[in-house]
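See below for the structure under consideration.
The values are calculated or read from the model by the stated rules, or taken from the named source; none is laboratory data. What you are looking at is a predicted structure, and each value in this text was computed from that prediction instead of being measured. Cβ placement follows ideal geometry from the backbone for every residue including glycine, while neighbour counts extend to all protein chains displayed. Keep in mind that these areas ignore ligands, DNA and RNA; they rest on the heavy atoms of the full protein, side chains included. Shrake-Rupley method; radii C 1.70, N 1.55, O 1.52, S 1.80 Å.
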Amino acid sequence: MKYESQAVAMPYFIFALVLFVGQIVFGLVLGTQYVIGDFLFPEIPFNVARMVHTNLLIVWLLFGFMGAAYYMIPEEAETELHSPKLAWALFWIFAAAGTLTIIGYLAVPYATLAEITGNDLLPTMGREFLEMPTITKVGVVVVALGFLFNIGMTILKGRKTVVNLVLITGLIGLAVFFLFSFYNPENLALDKYFWWYVVHLWVEGVWELIMASILAYVLIKVTGVDREVIEKWLYVIIAMALISGILGTGHHFFWIGAPEYWLWLGSIFSAIEPIPFFMMTLFAFNMVNRRRREHPNRAATLWALGCAVMAFLGAGVWGFLHTLAPVNYYTHGSQITAAHGHMAFYGAYVMIVITIISYAMPVMRGRPNGNSNQAQVVEMWGFWLMTISMVFITLFLTGAGVLQVWLQRLPESGEALSFMATQDKIALFYWLRLISGIGFMAGLVVYLVSFFVGGEEPQLEKA
Amino acid sequence: MAERFTKSMARNMYMGGSLFFILIFVGLTMDTVRQMPDRDNRENLTEAVAHGKKLWEDNNCVGCHSLLGEGAYFAPELGNVFQRRGGEAGFKPFFKGWMNAQPLGIPGRRAMPQFNLSDEDLDALADFLEYASGINTNNWPPNIEG
């Protein structure tokens, strides 16, 4: 670690992983409810468990992004963080707000939570992924402003690398688009239209900037390839991400009331959205092949490569699978969507956060060359278990989705099976998905165990 | 990448490309908002519908159901439930009976909570679903089952 203040990333990473465990626990609850419908009912209805599952994901990824920024930005800027104290204060505020919100979801009915948190004054709740109370949203904005101020001041006083500039652009974009979560018109079509300004422009827009810059940073560190080369790749990747992704938002506007030209625009531009992800894969493998040193932290390299591949498969391939309007007409809101969502989030965002954790945590723990070989082997077991499990989750959900479309969507009215009848027919796939989910949990446990495996630090080798 | 393609060219592609498409996106959003009155069924957006939307949100219905295909996939699509369950004549009675009968208590079946909504609230929620079913969705969903 070059600068002491980078260490403030540590609590962010640890808390992120704690929330990750919570996310997967509730994922298993949901997977069980898909096959045993009244499991934990009425104590934890499906909607509550789902809210906890998705919101924990979002919040722990945000913790991961913030930790990544606190770690990377001082080193890139070659200066101490503007205010480590502020970073610590914001950590506690965000952790408390997040924990209270989750407790709120679980402790009282959602309608009660809406009432006691003043949703009548400024109704923003009850929309997918933006379920958190309005006051929590305000808290997120406050934390984001403090965070951006802190890293912004650090960047301003230091060296302005491309990695830092792209990262902060992505983070500013994240904060700016979140503001649309406060816009909730009574008009459902407009509500939905601008809801995508948060959701799509996050995950298929500015988050890709964050992801690409973290990937670039880790590749600089583990491969030793010339920064100029990496920065050029980074620019081209994010250029393609935004060129395709901004109008690609249109693939969400097919069936929610927006004009028909979105059928064309959304199809064409989202069809090129896989390109930046494919380039990230080429980029990662190219840089590793051209490496100038053998970095002993092989686990971090594995996560970086795996992230690029899985993001391409999950976001790129599985996204393209159902993005063209004539296909999406039949698959929209089916289990195909769920399949894509799972692998895309895991491949792109879960894995990029674990990549930076895998690289940075050992350094912060005084092991600049990475964890011991034993610990890395365990970590890599975690990698393979989680990744293969996620591949199976995705394949089984895809199978469920294809059957659902076949039974429920393709036949004419009168011939088609009802939603519930279809769900019964595809229950086998949900069982298999649940088993894969247990495999994922096992992988996560193995991954976490790797933090506690001792052994001697590996030595630096010459390439 | 070829050496002739320099870093500053890559940067210009990023800056120029994103600025260009942001501007187009803003323009198309303005056009969409202008066209919406012909498509989004706002003429039927009454006070009761607005109240119904608030109830839809306050009870996190989207946590199990989808509406115009968006939401969770645990329970049926409700964008066309108005047509599926009785339409003009039959929907409201069906809807109230259904809501008041929850939870059905069938072992192993997916269960919907009892939300204890007043008769007036149930009317508003039904009005909201009827209004939602009137939005021009380019003929989605493909059939009545949603």
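Summary of values
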read-out: Scope the range A:396-413; condition out of contact with any helix residue (DSSP H, G or I) (no Cβ under 8 Å at 6 or more places or on another chain) and open to solvent by 70 Å² or more (accessible area, probe 1.4 Å); matching residues; value: A:W406, A:E412
read-out: Every residue from the range A:74-130 that is small (G, A, S) and under 30 Å from A:V8 (Cα atoms); value: A:A77, A:S83, A:A87, A:A89, A:A95, A:A96, A:A97, A:G98, A:G104
read-out: Tally, over the range B:100-115, of residues that are at the interface with chain A (Cβ under 9 Å from one of its Cβ atoms) and under 23 Å from the mean Cα position of the chain (by Cα); value: 6
read-out: Candidate set from the range A:173-186 (those that are surrounded by 21 or more Cβ atoms within 10 Å (Cβ to Cβ) and not in a loop (DSSP other than H, G, I, E, B)); member that is nearest to the other protein chains (Cβ to nearest Cβ); value: A:S181
read-out: Those residues of the range A:146-169 which are under 20 Å from A:R227 (Cα atoms) and under 22 Å from the mean Cα position of the chain (by Cα), in sequence order; value: A:V163, A:N164, A:L165, A:V166, A:L167, A:I168, A:T169
read-out: Residue match in the range B:21-30 (condition: within 9 Å of another protein chain (Cβ to nearest Cβ) and closer than 27 Å to B:E130 by Cα); value: yes
read-out: Pick from the range A:409-455, criterion in contact (Cβ under 8 Å) with a residue 60 or more places away in the chain and of a type in the set (D, E, K, R), ranking: farthest from A:Y359 (Cα to Cα); value: A:R409
read-out: Flag for B:V33 being β-branched (V, I, T), over 30 Å from B:A111 (Cβ atoms) and at the interface with chain A (Cβ under 8 Å from one of its Cβ atoms); value: yes
read-out: Residue satisfying all of: in the range B:119-146; among the polar types (S, T, N, Q) and without any contact (Cβ under 8 Å) to a residue 12 or more places away in the chain; nearest to the other protein chains (Cβ to nearest Cβ) among these; value: B:N143
read-out: Test set (1) of a type outside the set (D, E, K, R); (2) in contact (Cβ under 8 Å) with a residue 60 or more places away in the chain; (3) open to solvent by 20 Å² or more (accessible area, probe 1.4 Å) - A:A189 fails condition number; value: (3)
read-out: Criterion (β-branched (V, I, T), within 21 Å of A:Y349 (Cα to Cα) and open to solvent by less than 20 Å² (accessible area, probe 1.4 Å)) met by exactly one of A:V59, A:V52; value: A:V52
read-out: Test set (1) closer than 18 Å to A:V138 by Cβ; (2) crowded, with 24+ Cβ neighbours inside 10 Å - A:F65 fails condition number; value: (1)
read-out: Filtered residue count, the range A:234-286, keeping only those that are assigned to a helix (DSSP H, G or I), open to solvent by less than 20 Å² (accessible area, probe 1.4 Å) and among the aromatic types (F, W, Y); value: 4
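Quick grid of which residues meet (1) basic (K, R); (2) closer than 16 Å to A:E75 by Cβ; (3) within 14 Å of chain B (Cβ to nearest Cβ):
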position	(1), (2), (3)
A:Y330	no, no, yes
A:M343	no, no, no
A:Y346	no, no, no
A:M351	no, no, no
A:A360	no, yes, no
A:V363	no, yes, no
A:G370	no, no, no
A:N373	no, no, no
